[in-house]
Amino acid sequence: MSCVPVRDCRIGEGRPKVILPIVERTEAAILEKAAAFSTLCADCVEWRVDWFEGFQSPAAVARCVQKLRVALRDKLLLVTFRTKAEGGEQALSQQEYLDLLGLILDTDCTDLLDIEFFTAGADLPALVQDAHTAGVKVVCSSHDFHKTPPKAELVSRMVAMQQAGADLPKLAVMPQSRADVLELLSATAEMTDHHPETPVITMSMGPLGAVSRLCGEAFGSAMTFANPGTASAPGQVGLDVVNAVLDSLRLS
């Protein structure tokens, strides 16, 4: 599997990198969380802009990103607007979504940018190129909060993300059975073994899928989300547990 270097972090090598989500409404609360997270044993912090009460104000979003970059010190910053259609808090038109991504890139403050595969649509390759021109790595994401598609579809979707230029294809799906969790893990292993052009991020959500958030090094998921007190998706495991399990499952 290839590696994505960001700052001093090499995503795709060794222990899966740990992401902590910020899901707060106000700038003050966001920055308070960022300051606390900057000292924790994690690699990356995700700011969920769709939770921010000022998400419709370009000036407020830009100001918050700039302050976040300072507060997080050396932690990686992943900026995400999760649309309502993909399980997020707010709905945006496609043009509003594209404008917001452009605004984030213009701040020159983020390390990684989440771009939704289906929301971006035909604009995805151009968006990826814009991010790369700005020196930002792309997490291309797809979420299904109702089911787990068949393995072939999961693999095909991640390959399409790779072909559009994404640095880190990401899938989050909801299992309805134990077999669904295995389907997600099998798709992850197939990507790692047969399509190693990029690392991938995968997870099976909810309590049933929690194991998928902990065994990434064995199956090929390069990053995982941990719950630092407030979860951003069902099934996120506490940070202390995530770190302990990732350390105990080290392959080398």
Return only the number of the condition from (1) within 19 Å of Phe81 (Cβ to Cβ); (2) of a type outside the set (S, T, N, Q); (3) open to solvent by 20 Å² or more (accessible area, probe 1.4 Å) that Arg157 does not satisfy. (1)
Which of the numbered conditions does Glu24 fail, given that it passes all the others? Conditions: (1) assigned to a loop (DSSP other than H, G, I, E, B); (2) acidic (Asp, Glu); (3) farther than 29 Å from Thr202 by Cβ. (3)
Could you grab me the full set of residues in the range 100-120 that are without any contact (Cβ under 8 Å) to a residue 40 or more places away in the chain and open to solvent by 10 Å² or more (accessible area, probe 1.4 Å)? Gly102, Leu105, Asp108, Phe118, Thr119
For the range 52-66, give me each residue that is farther than 18 Å from Glu89 by Cα and either open to solvent by 50 Å² or more (accessible area, probe 1.4 Å) or in contact (Cβ under 8 Å) with a residue 60 or more places away in the chain (or both). Ala59, Arg63, Gln66
Qualifying positions in the range 68-90 - touching a residue at least 40 places away in the same chain (Cβ under 8 Å), open to solvent by 20 Å² or more (accessible area, probe 1.4 Å) and assigned to a loop (DSSP other than H, G, I, E, B): Asp74, Gly87, Glu89
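Given Ala172, Ala166, which one is open to solvent by less than 10 Å² (accessible area, probe 1.4 Å), under 18 Å from Phe117 (Cα atoms) and in contact with a His (Cβ under 7 Å, 6 or more places away or on another chain)?
Values: Ala166 fails: in contact with a His (Cβ under 7 Å, 6 or more places away or on another chain).
Exactly one residue qualifies, and that residue is Ala172.
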Considering the range 31-67 alone, what residues qualify as being out of contact with any Pro (no Cβ under 7 Å at 6 or more places or on another chain), over 23 Å from Leu98 (Cα atoms) and assigned to a helix (DSSP H, G or I)? Leu31, Glu32, Lys33, Ala34, Ala35, Ala36
Give the residue, chosen from Met161, Met203, that is under 12 Å from the mean Cα position of the chain (by Cα) and touching a residue at least 12 places away in the same chain (Cβ under 8 Å). Met203
Ala226 fails exactly one of (1) modelled with pLDDT under 95; (2) touching a strand residue (DSSP E or B) at 6+ places or on another chain (Cβ under 7 Å); (3) in a helix (DSSP H, G or I), namely (3)
Would you check which residues across the range 175-191 are open to solvent by 30 Å² or more (accessible area, probe 1.4 Å) and within 30 Å of Thr133 (Cβ to Cβ) and list them? none
Since Val49 meets every condition but one in (1) touching a strand residue (DSSP E or B) at 6+ places or on another chain (Cβ under 7 Å); (2) without any contact (Cβ under 8 Å) to a residue 60 or more places away in the chain; (3) open to solvent by 20 Å² or more (accessible area, probe 1.4 Å), which condition does it not meet? (3)
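Any residue at all in the range 129-152 that's free of Cβ contacts under 8 Å to residues at least 40 places away in the same chain, among the acidic types (Asp, Glu) and surrounded by 15 or more Cβ atoms within 10 Å (Cβ to Cβ)?
yes
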Which residue pairs have Cβ atoms under 9 Å apart, sit 6 or more places apart or on different chains, and have a first residue in the range 176-197 that is assigned to a helix (DSSP H, G or I) and a second that is among the small types (Gly, Ala, Ser) and open to solvent by 60 Å² or more (accessible area, probe 1.4 Å)? Leu185/Ala218; Ala187/Ala152; Ala189/Ala218
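The values are calculated or read from the model by the stated rules, or taken from the named source; none is laboratory data. Quantities reported herein were computed from a predicted structural model and do not represent experimental measurements. Please note: Cβ atoms are built from the backbone with ideal geometry, for glycine as well, and neighbour counts cover all protein chains shown. To get the accessible areas, we keep the full protein, side chains included, count just its heavy atoms, and leave off ligands, DNA and RNA. Shrake-Rupley method; radii C 1.70, N 1.55, O 1.52, S 1.80 Å.
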